[in-house]
1. Relative contact order for segment 88-166: what percent, with Cα pairs under 8 Å and sequence separation of 6 or more?
2. Accessible area per residue of segment 148-195 at 1.4 Å probe, in Å²?
3. Heavy atoms only, probe 1.4 Å: what % of the accessible area of segment 115-227 goes to carbon and sulfur, would you let me know?
4. Keeping all protein chains in position, work out how much accessible area Glu214 exposes to a 1.4 Å probe, and write it in Å² to the nearest 10.
5. Roughly how many debye, to the nearest 20, is the charge dipole of segment 158-207 about its Cα centre, given +1 on each Lys and Arg Cβ, -1 on each Asp and Glu Cβ, and no other charges?
6. Considering the zone a paramagnetic label at Tyr52 would reach in this model (a point 7 Å from Cα along the Cα-to-Cβ line), which residues of segment 131-175 have amide N under 16 Å from it?
7. With a ≥ b ≥ c the root eigenvalues of the C-alpha gyration tensor of segment 48-190, is it rounded (a/c under 1.5), prolate (a/b larger than b/c) or oblate?
8. Can you spot the aspartates and glutamates whose alpha carbon is less than 13 Å from Lys111's alpha carbon? Ignore those fewer than 8 places along the same chain.
Amino acid sequence: MSIPVKLYSAAESQSALSFNQVHKKDGARIKQQLVSSRSGEVVPREEIVKGYEFAKGQYVLFEPAELKALEAAATHTIDIVEFLKAEQIERQYLDKVYYLGTDKGGARAYKLLALALNETGRIGIGKYAARGKQYLVMVRPMSNGLVMEQLHYPDELRAFGEVPIEDATVKPAELKLATQLIEQAASDKFEPGNYRDEVRERMLALIQRKVEGEDITIAPSAEPEHKIVDIMEALKASLAAGNSRKPAQQVEKKPAKQKPAGKKRAAVAK
């Protein structure tokens, strides 16, 4: 069964604040030039083509039409090959998320798949080819629709066993206090509206002060102390501080405008 769908970006990430390179003398932005690494000459954009390095310093060159031919293998179809329980997918495999909306003629089959996945408590694992690459994806129900989550391939992930972890002994009393501390700060529901990028807000405020002609300076921060602490005393202090802490306030946040992910269209096949 084939279900025509459209892909929509699930989030619009706030990119880090960027600063341009500017000539201090005249205040003009610095322009970059494209230079040949062999001759040192400036190369006009119309003389630039893309190449693939098949051996050290050796490139096979491609014209725009040839690059399009390479990408023509894209199927723009999400082929579901098996159904699993969502908890069988370990979180380190998750990469990007896309919302799937209905495309022309696909509403009934789309709803049927969403309801069937909800009924069985399963997700679909499939393949999606686009832009010269085949992606491993997971299709799962969300609300009254479907979501596609792009997954990493196993060879893209670093084995956790490679991470050096020193062994240590934990006392039962320490574990008891630590669990009390976690339960003290526990919530029954994740409220993303309670969080915001405070660093970005502070930087924007400082930039605005600079725009208004004010010189900005940052007070020197104290260097963190690297000393061995008494874990029991630290846990007790954290518990005491938590008891006097006020609950987090709800931060009102306007929903971001949803934009279609370009002209991406796909068909879910199962």
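The values are calculated or read from the model by the stated rules, or taken from the named source; none is laboratory data. This structure is a prediction, so every number in the text was calculated from the model and none was measured. Glycine gets a Cβ as well: all are built from the backbone with ideal geometry, and neighbour counts include every protein chain shown. The protein model used for the area step is the full one, side chains on, heavy atoms only, and it has no ligands, DNA or RNA in it. Shrake-Rupley method; radii C 1.70, N 1.55, O 1.52, S 1.80 Å.
1. On the way: 99 pairs, mean separation 28.4, N = 79.
Relative contact order comes out at 36 percent.
2. Numbers: 4150 Å² over 48 residues.
Dividing the accessible area of segment 148-195 by its residue count gives 86 Å².
3. Values: 4860 of 8910 Å².
Carbon and sulfur: 55 percent of the exposed surface of segment 115-227.
4. 80
5. Working: 7 positive and 10 negative charges, 23 e Å.
Dipole size: approximately 100 debye.
6. 131-134
7. On the way: a/c = 3.21, a/b = 1.35, b/c = 2.37.
Here segment 48-190 falls in the oblate category.
8. The reachable aspartates and glutamates, counting only those whose Cα sits under 13 Å from Lys111, are Asp103, Glu119.
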